[in-house]
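The values are calculated or read from the model by the stated rules, or taken from the named source; none is laboratory data. A quick note: this is a predicted structure, and the numbers were derived from the prediction, not measured. Here the Cβ is made from the backbone with ideal geometry for all residues, glycine too, and neighbour counts use every protein chain on show.
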Amino acid sequence: MTVTDPKVNARFARNLAKVLAERGLNVRWLMVALDENANRIYPACRGETNLSLELATRIAKALDVSLDELVELRQVVTPRKVAKPRTRLSRILEKSA
């Protein structure tokens, strides 16, 4: 599974940079911790690539943070407005009004 929303990618990169800075770590440390090459890590850290769920999860585990803390999906997903079900009584009342 891949995240394809540019806003999510940018938010992930921003939150990742924040967590790394708070802990005094850098991207090179992350590359070593994950045993990944720069071609996968640097674009993800800059929000320039669609991030795989597998890599995002590994980054979160390496930093000991939740994936939600990095992605903040609750800010991206907006609930749909659900229409109230129309009952027979409500239809009759609408017609009589």
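Summary table
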{"item": "Hey, Ala60 touching an Asp or Glu at 6+ places or on another chain (Cβ under 9 Å) and in a helix (DSSP H, G or I) or not", "result": "yes"}
{"item": "Selection from segment 34-57 of residues that are surrounded by 15 or more Cβ atoms within 10 Å (Cβ to Cβ) and either among the small types (Gly, Ala, Ser) or not in a helix (DSSP H, G or I) (or both)", "result": "Glu36, Ala44, Gly47, Thr49, Leu51, Ala56"}
{"item": "Some residue of segment 45-65 being modelled with pLDDT under 75 and touching a Lys or Arg at 6+ places or on another chain (Cβ under 8 Å)", "result": "no"}
{"item": "Identity of the residue in segment 1-25, under 15 Å from Tyr42 (Cα atoms) and of a type in the set (S, T, N, Q), that ends up modelled with the lowest pLDDT", "result": "Asn9"}
